[in-house]
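The values are calculated or read from the model by the stated rules, or taken from the named source; none is laboratory data. Bear in mind the structure is a predicted one, so any value in this text is a computation, not a measurement. Don't worry about glycine lacking a Cβ; one is built from the backbone with ideal geometry, like all the others, and counts go over all protein chains shown.
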Amino acid sequence: MTHQLVIIDKRGESPMNVRHVFSTVLRDVRSVDEAIKATSAATGRPICLQEVSYLGQQGPSGLLVQSGSCDVIQLPSGVSGRRRVGIIGHELGHLLLGHQPEDLSGLFSIDPDIVKRILARHHFDDRKERDAELLGTMLAQTIGRNLQFEGLWSCLS
């Protein structure tokens, strides 16, 4: 399955655009792996998952690290189920919606404790964060329904 994606205007998305991107790229996925593959095909970049111990306590629950050659989604070690799908979906949302990372170059001359506090804030009042969260929630609901549906059929057969 090959997807062609037109990156949306970076000034901000609306829920309608989030739904359009979801229905274009992620509508038929049945697992997180399929969602990652579909997003990778749409963006033309490989995506890797990395579990890390420093996420999820008081700071963000997921982090998208973009390098010149690939995109890495970092998530808390041991997170599973719908929460895992939601975190991954949120970060995939940033990729699919064309969100550009903020310039943090000036932060590295600041005290490391202050940098941690700045990076640990949740910005759900930010439109990009809300839209990425909406896409992640839609993905978690879709995958959850697919798993329940498959479970029902396996019980009946």
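Quick grid of which residues meet (1) modelled with pLDDT of 85 or more; (2) exposed (fewer than 13 other Cβ atoms within 10 Å of the Cβ):
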| residue | (1), (2) |
| --- | --- |
| His3 | no, no |
| Ile7 | no, no |
| Met16 | no, yes |
| Arg45 | yes, no |
| Ser69 | yes, yes |
| Pro76 | yes, no |
Taking the criterion of being in contact with a strand residue (DSSP E or B) (Cβ under 6 Å, 6 or more places away or on another chain), over 15 Å from Ala140 (Cβ atoms) and at pLDDT below 85, would at least one residue in the range 52-61 satisfy it?
yes
Scan Gln141, Gln148 and give me the residue that is polar (S, T, N, Q), within 24 Å of Arg27 (Cα to Cα) and at pLDDT 85 or above.
Gln141
